[in-house]
Structures are given as C-alpha cells and as structure tokens.
Amino acid sequence: MSKQTQRIDRDLTMSRAMVEAIADEMRDNEEVFYMGEDVADYGGIFDSTEGLRDEFGYDRVMDVPISETAYLGAAVGAAQEGMRPIAELMFVDFFGVAMDQIYNQMAKNTYMSGGNVSVPMVLTAAVGGTYNDAAQHSQTLYGTFAHVPGMKVVVPSTAFDAKGLMHNAIRDDDPVVYMFHKRLMGIGWLPAPDGPKTPVPEEDYTIPFGSADIKREGEDATIVTLGLHVHRALDAAETLAEDGISAEVVDLRSLVPLDTETIVKSVEKTGNLVVVDEDYRSYGVTGEIVASVADESLAALNAVERVALPDVPIPYSRPLEQEVVPDAEDIAAAVERTQ
C-alpha cells in the first residue's frame with residue numbers, strides 16, 4: 001500500500017488496471033487462465049480481457065459455450081486440481097442458472113472435503129445498471145454473494161483499487177467473487193464518472209481484503225458505500241460542503257471480509273450513519289452495515305439512513321430507472337436528514 005504514495009506518471013481506466021493485474025499474474029504463474037463468454041476474440045464486452053488473448057492465446061484465454069453451469073463447474077474442478085482459473089459471468093444476473101455450482105460447489109467444497117481441497121478461483125461479474133438494460137441485465141446483487149459462507153467478495157471503485165484487489169484475488173487460496181461495475185470500467189459506449197480513472201503503479205501490489213478506504217474525511221456524517229456509489233457519495237459530499245455539512249465517505253472495497261472497525265471508528269467520530277447501495281434494500285448490504293455498527297457501538301449512533309434500490313425489478317425505461325437507482329441528490333438528502 002505504500003506504493004500509493006509514490007509519484008505515478010500514468011492514469012489507467014479501471015478495465016485496463018484489471019487487465020494489467022491479470023496479465024502480470026498469468027506471466028508469473030502458468031496455472032492462471034481466464035474463461036468466459038466473449039472474453040477471447042472480443043476482449044470482454046466490458047473490456048475486462050482486452051489484449052489478453054494476443055499475448056496468451058486461446059489455451060489460456062478461453063471463449064466458452066453459453067452455459068454458465070458448465071464452465072463455472074469446470075472452473076471449480078480446475079481450481080481443485082491446483083489451477084487458478086478466473087471465470088467471468090458476463091452479467092451477474094446470470095448467476096441463477098449456475099447457482100448450484102457457485103453456492104454449493106465453489107463456496108463449500110473446501111469445507112465439505114474437510115480441507116482436503118481448496119478452490120483458488122476468481123469469479124468476476126459485471127454488476128449495476130444506469131444504462132437502460134432492464135431487469136435481467138442491471139442488478140448488483142452484492143448481498144446475494146456476501147450472504148453465503150465460503151466466498152470472499154470484493155468491489156473496486158477506482159483503477160488503483162481494481163489492480164490491487166485483482167492481484168490479491170488471484171493469489172488467494174479461497175474462492176473470490178470480484179464484482180466490477182460496468183459504469184466504472186471506462187469503455188467508450190458507457191461513459192464513466194471522473195473518479196474511477198486514477199494513477200496506477202506499473203509494479204504489482206496487493207490491497208488486503210477487509211480494508212475499507214476513507215475516500216473523503218468529514219466530521220458531521222459517515223457515508224458508507226461501494227462501487228459506483230462511492231463516486232456519487234463524493235459528489236454529494238461536495239454539495240453538502242457548500243451548506244456547511246462535512247461528510248466522510250467510506251469505500252468498503254470488500255464485503256467479505258468486512259472492515260467493521262473502520263466503519264465504527266468513523267461513526268463514533270461523526271455520530272451519523274448513511275449507508276448507500278445499488279443492491280435491493282431488503283435483506284441487503286445497507287441493513288447489514290447498520291446492524292454491524294449497532295452491535296459494536298450502538299451509543300454512537302445519533303441517526304441512521306439507508307439509501308438503496310427499492311424492492312422492484314429494475315425498469316427498462318430511462319426515467320424510471322433513474323428514479324429507482326440512487327443518485328447524488330438522494331445521498332445528500334439522506335445526510336441532511338441526519339443533521
């Protein structure tokens with residue numbers, strides 16, 4: 001992490017930072033390979049593998065048939081045999097057709113084998129809406145994966161974090177779900193906000209799981225969030241500052257493990273907690289964060305607000321989608337309600 005303080009002369013998009021980490025790991029370890037739909041010739045529809053096939057060929061960057069059950073099962077088997085596969089779900093929404101492979105095999109086989117096998121694989125998945133792709137291609141589903149024991153779950157919001165988390169994910173001996181928001185990747189047809197493109201060291205580095213990052217310090221309210229909504233929270237904090245409200249923005253970076261200590265310390269300083277998530281409100285991340293803070297430091301909580309997707313399928317209609325997905329104004333209004 002000390003490399004973050006070094007002078008860096010180049011900025012990368014989040015997709016390029018991810019690919020750089022993957023390429024480094026593939027060069028260092030022949031057991032690392034990538035598989036998924038449209039990841040070889042096309043380079044991933046969100047540029048998640050752009051350029052990898054040219055260097056590593058079809059044996060290590062594999063296009064697969066449209067059968068998530070088959071290729072995720074193959075990835076689990078390869079991992080148990082000592083390889084380190086990276087398997088991409090083009091859209092996280094598609095996990096339903098491979099739920100048994102993810103929930104019952106990838107997550108549990110180490111435990112079910114009494115520790116005789118490990119499953120050192122990375123499941124990458126594109127998440128999020130805001131570009132009118134309707135109910136089956138726009139979900140976030142962080143909480144769905146974080147809920148089941150046996151899987152680590154990470155969510156980068158910047159290029160710097162994306163590279164460090166990817167290095168750590170590929171080297172981890174447990175299964176890791178690496179969820180990237182489409183809007184943050186920096187691809188031409190889906191413009192990103194300003195924040196995800198950051199300076200990134202050329203050298204490899206890791207970011208430990210369970211280490212939240214304070215993206216902006218503040219005194220009056222703590223905003224806890226992840227992914228795209230880190231940047232919407234930062235925009236809200238700028239607006240709130242004009243009215244004299246100082247908001248601290250905590251980027252979780254990983255859900256499993258969860259850095260409860262950083263969250264609690266921030267809330268003990270500010271007294272007010274706003275949790276923001278693009279996942280559904282019920283039984284999700286917002287409720288878990290609030291409960292975790294209440295368990296650790298209930299007396300510190302003066303006010304609590306949750307900002308999340310209402311419990312409805314995500315609409316195709318642009319105005320309706322904009323209505324249900326939280327934006328910076330929704331976050332600012334929630335912080336104001338805590339004051």
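The values are calculated or read from the model by the stated rules, or taken from the named source; none is laboratory data. Keep in mind that what you see is a predicted model, and the values were worked out from it rather than measured. Cβ: placed from backbone, ideal geometry, glycine included. Neighbour counts: every protein chain shown. Ligands, DNA and RNA are stripped out before the accessible areas are found, and what is left, the full protein with its side chains, is counted by its heavy atoms. Shrake-Rupley method; radii C 1.70, N 1.55, O 1.52, S 1.80 Å.
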Exercise for the section: Inspect all residues belonging to region 304-321 and state whether any of them is part of a loop (DSSP other than H, G, I, E, B), under 19 Å from residue 241 (Cβ atoms) and under 24 Å from the mean Cα position of the chain (by Cα). Expected result: no
Exercise for the section: Could you identify the single residue in 273, 320, 309 that is open to solvent by 50 Å² or more (accessible area, probe 1.4 Å) and either free of Cβ contacts under 8 Å to residues at least 40 places away in the same chain or touching a helix residue (DSSP H, G or I) at 6+ places or on another chain (Cβ under 7 Å) (or both)? Expected result: 320
Exercise for the section: Could you identify the single residue in 93, 28, 100, 24 that is charged (D, E, K, R), open to solvent by 40 Å² or more (accessible area, probe 1.4 Å) and closer than 28 Å to residue 159 by Cα? Expected result: 28
Exercise for the section: Under 7 Å between Cβ atoms, at least 6 apart or on separate chains: pull out the pairs that start in region 23-39 with a residue that is free of Cβ contacts under 8 Å to residues at least 40 places away in the same chain and end on any residue that is part of a strand (DSSP E or B) and not hydroxyl-bearing (Ser, Thr, Tyr). Expected result: 26/32
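So that you can scan it fast, the table gives a plain yes or no per residue for (1) in a helix (DSSP H, G or I); (2) in contact with an Asp or Glu (Cβ under 7 Å, 6 or more places away or on another chain); (3) open to solvent by less than 10 Å² (accessible area, probe 1.4 Å):
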| position | (1), (2), (3) |
| --- | --- |
| 132 | no, yes, no |
| 143 | yes, yes, no |
| 149 | no, no, no |
| 162 | yes, no, yes |
| 167 | yes, yes, yes |
| 174 | no, no, no |
| 218 | no, yes, yes |
| 231 | yes, no, no |
| 238 | yes, no, no |
Completion exercise
Residue set 210, 195; condition at positive phi, touching a residue at least 12 places away in the same chain (Cβ under 8 Å) and in a loop (DSSP other than H, G, I, E, B); output residue 210
Completion exercise
Exception for residue 292 within (1) among the polar types (S, T, N, Q); (2) in contact with a helix residue (DSSP H, G or I) (Cβ under 8 Å, 6 or more places away or on another chain); (3) buried (at least 24 other Cβ atoms within 10 Å of the Cβ) falls at (3)
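Can you tell me how many residues within region 220-229 are part of a loop (DSSP other than H, G, I, E, B) and closer than 10 Å to residue 249 by Cβ?
First, the residues of region 220-229 that are part of a loop (DSSP other than H, G, I, E, B): 220, 226-227.
Adding the requirement that they be closer than 10 Å to residue 249 by Cβ leaves none.
Residues flagged as part of a loop (DSSP other than H, G, I, E, B) and closer than 10 Å to residue 249 by Cβ within region 220-229 amount to 0.
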Completion exercise
residue 57 passes all but one of the listed conditions (1) open to solvent by less than 50 Å² (accessible area, probe 1.4 Å); (2) touching a helix residue (DSSP H, G or I) at 6+ places or on another chain (Cβ under 8 Å); the exception is number (2)
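Somewhere in region 108-115, is a residue of a type outside the set (Lys, Arg) and crowded, with 19+ Cβ neighbours inside 10 Å?
Initial filter on region 108-115 (of a type outside the set (Lys, Arg)): 109-115.
Those still in the list that are crowded, with 19+ Cβ neighbours inside 10 Å too: 109-110.
Among the residues of region 108-115, at least one is of a type outside the set (Lys, Arg) and crowded, with 19+ Cβ neighbours inside 10 Å, which makes the answer yes.
Give the residues of region 60-90 that are among the small types (Gly, Ala, Ser), in a helix (DSSP H, G or I) and crowded, with 18+ Cβ neighbours inside 10 Å, sorted by residue number. Don't jump to the end; show me each part of the working.
Initially, region 60-90 is screened for residues among the small types (Gly, Ala, Ser), giving 67, 70, 73-75, 77-79, 82, 87.
Those left that are additionally in a helix (DSSP H, G or I): 70, 73-75, 77-79.
Correct list: 73, 75, 78, 79.
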Exercise for the section: Please indicate, with yes or no, whether at least one residue in region 193-201 is more than 30 Å from residue 104 (Cβ to Cβ), polar (S, T, N, Q) and surrounded by fewer than 23 Cβ atoms within 10 Å (Cβ to Cβ). Expected result: yes
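Could you go through region 109-120 and let me know if any residue there is under 30 Å from residue 325 (Cβ atoms), of a type in the set (A, V, I, L, M, F, W, C) and modelled with pLDDT of 95 or more.
First, pick out the residues of region 109-120 that are under 30 Å from residue 325 (Cβ atoms): none.
No; the residues of region 109-120 include none that is under 30 Å from residue 325 (Cβ atoms), of a type in the set (A, V, I, L, M, F, W, C) and modelled with pLDDT of 95 or more.
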Fill in the blank from the handout: Selection over region 4-21 where residues are open to solvent by less than 50 Å² (accessible area, probe 1.4 Å) and of a type outside the set (S, T, N, Q) yields a count of 8
Exercise for the section: Could you list, in sequence order, all residues of region 240-255 that are touching a strand residue (DSSP E or B) at 6+ places or on another chain (Cβ under 7 Å) and open to solvent by 40 Å² or more (accessible area, probe 1.4 Å)? Expected result: none
